[in-house]
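To start, the structure itself, in C-alpha cells.
Values quoted throughout were computed directly from the atomic coordinates according to the rules given, and no laboratory measurement underlies them. As the structure is a computational prediction, the values presented were derived from the model and not from experiment. Here Cβ is always computed from backbone atoms with ideal geometry, including for glycine, and neighbour counts include all displayed protein chains.
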C-alpha cells in the first residue's frame, strides 16, 4: 500500500496517469514514462528548430553585411551541435562574401546614380528658369543680333556640312543597293565595304516616328510670330527635361549646327535628301557619321541654347539647304505627315 501510494504521488501531476495507476499500476507506470519521453522529444525538436533557424539568420546577416560578429557567432555556434553548424555552412556555400559585396556595391552605385540624376535634373531645372528669364528679357534687336551672329557661324560651317551630306548620300545609296541584292537573293542583309550589316539595315529601313512618343504637347508652330527674332522656324514639342527624343526617319548623323541658339543638337540627313534638326537637348547619344533608323533614341529634351523652357525644337530642311540656316527651313509637320506619323 505504501509503495502504491508512493507511485501514485510520483505521477499525480497528470490526472489521467494517476487514474490509470489506480486501475493498473504496471500500465500506469509505462504510460507515465512514455508521456515524459514524448514531452522531452517535442521540447528538444522545438528548441533544435529554433536554434537552427537562429543560426541560419545569423549566418545570412553576418555574411551579407561583412561585419565582424565573431563573439556573437561563437555564442550561437556553442549553442548548436556541430552537425547543425556543418549543415548551415553547406547551405550557404554558394553565397560568397564577394557575391554579397558585389550586390552591396551594385545597390550603392544605383543609389548614387539616382541621387546624381535627381541633382542633375534639379540643376537643369534651375538653369531652365535662368535661361527663360534671360531670353525673355532680351529685346527684339538683341535677339536679331544674336541670330545674325549664328548665321555667320552656319555659313562658315556650310562647306563641312555639304561634304558630310555627300558622304551620307553615298552611304544611303550603298545601303539601298545592298538591301536590294539581299532581297533578290532571298538572303540576309550583310555588311559592305564601308557599312556594317546594322548600318545597311538602318539605312534601308522605311517608315517614320514622332520625335517624342509620350509626355509631350504641341507647342509653337512653324511660321508663328511673337517672341522670335523674325518668326518661329520649326515646331516645338514642350516636354519635361530628360524626355527621350527619337529619329523621325532613317539617315546618317551630320555635325551639329554651329548656331548657338540650338544648344546641344543633332542633325540627321535622310534618304530623300532632306535633313532634320533637333535642338535644345540636355544630352545626345549619337555621333557624327553614325546611322540611325526611325524611332531610334538620339537624345533627351533639355533647355540648352536660347530657349523659353524645356522642349524639343525640331526643324526640317529640304534637299540642298544647309541645316542650321533657319530662315530657309520648311514646316517640319509637313515632313512628319509625309512619313505618316503626324
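Tabulated data
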quantity	calculated
Förster radius 45 Å - calculated FRET efficiency between residue 290 and residue 230 (Cβ-Cβ, nearest 0.05)	0.85
For the stretch 148-181 versus the stretch 293-342, the gap between their alpha-carbon centres in whole angstrom	16 Å
Per-peptide average of other Cβ atoms within 10 Å, ordering 255-265, 182-192 highest first	255-265, 182-192
Order of 147, 281 under a 10 Å beta carbon neighbour criterion, fewest first	147, 281
Potential extension, residue 193-residue 215 segment - 0.36 nm per residue separation minus Cα distance	3.8 nm
Value of D in µm² per second that Stokes-Einstein yields for the stretch 130-268, Kirkwood Rh from Cα pairs, at 20 °C (1.002 mPa s)	118 µm²/s
